[in-house]
Amino acid sequence: NRILERLLESCSAMTGAQLEHELDNTASLMLARISSWLRLTYALGEPMALQLRAIGIFVSAVAGRRFLAEFVEVGGIATLVEIIQIQGVRNEDKAEVIRLIIPISDAGRRYKEMICENGG
């Protein structure tokens with residue numbers, strides 16, 4: 001959790017290029033690891049707000065469309081929709097999911113269609 005807190009403190013509002021520079025060209029790897037961590041733990045009922053906010057840094061980054069595509073490719077949209085549908089997930093986590101889905105849907109029609117196809 002400390003790593004995610006530090007990421008949120010230092011990388012919020014960065015562009016895609018700035019994220020790559022700040023994370024020594026391992027931004028994609030960091031996103032993949034956070035995404036995997038989210039997929040593995042969301043069904044356990046553990047808090048996910050930090051993970052979701054961290055993912056949001058990547059998918060919302062200006063000139064960071066690549067990160068959005070990478071998140072979608074690993075099943076990120078399906079995971080977000082499932083989190084919303086699971087009983088017992090904290091309201092704070094569901095709110096973070098909604099905050100994360102908004103920039104994804106704002107990225108274009110293709111992404112809106114993916115959200116709908118996954119039951120969102």
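The values are calculated or read from the model by the stated rules, or taken from the named source; none is laboratory data. For clarity, every value in this text was computed on a predicted model and none was experimentally measured. Methodologically, a virtual Cβ is constructed for each residue, glycine included, from the backbone with ideal geometry; neighbour enumeration extends over all protein chains shown. When the accessible area is computed, the model is the full protein with side chains, heavy atoms only, and any ligands, DNA or RNA have been set aside. Shrake-Rupley method; radii C 1.70, N 1.55, O 1.52, S 1.80 Å.
Report yes if A69 is surrounded by fewer than 20 Cβ atoms within 10 Å (Cβ to Cβ), closer than 27 Å to G119 by Cβ and among the small types (G, A, S), otherwise no.
Yes, satisfied.
So R39 passes all but one of these: (1) farther than 18 Å from I115 by Cα; (2) over 10 Å from the mean Cα position of the chain (by Cα). Which condition number does it fail?
(1)
Of the residues in the range 73-88, how many are open to solvent by less than 30 Å² (accessible area, probe 1.4 Å) and under 13 Å from L52 (Cα atoms)?
Looking only at that region, the number is 6.
So S35 fits all but one of (1) within 17 Å of D106 (Cα to Cα); (2) buried (at least 21 other Cβ atoms within 10 Å of the Cβ); (3) among the hydroxyl-bearing types (S, T, Y); what number is the exception?
Just one mismatch for S35, condition (1).
Of all helices (runs of 4 or more DSSP H) completely enclosed by the range 34-120, which ones contain at least 1 residues that are over 24 Å from L19 (Cα atoms) and of a type in the set (G, A, S)?
76-85, 91-106
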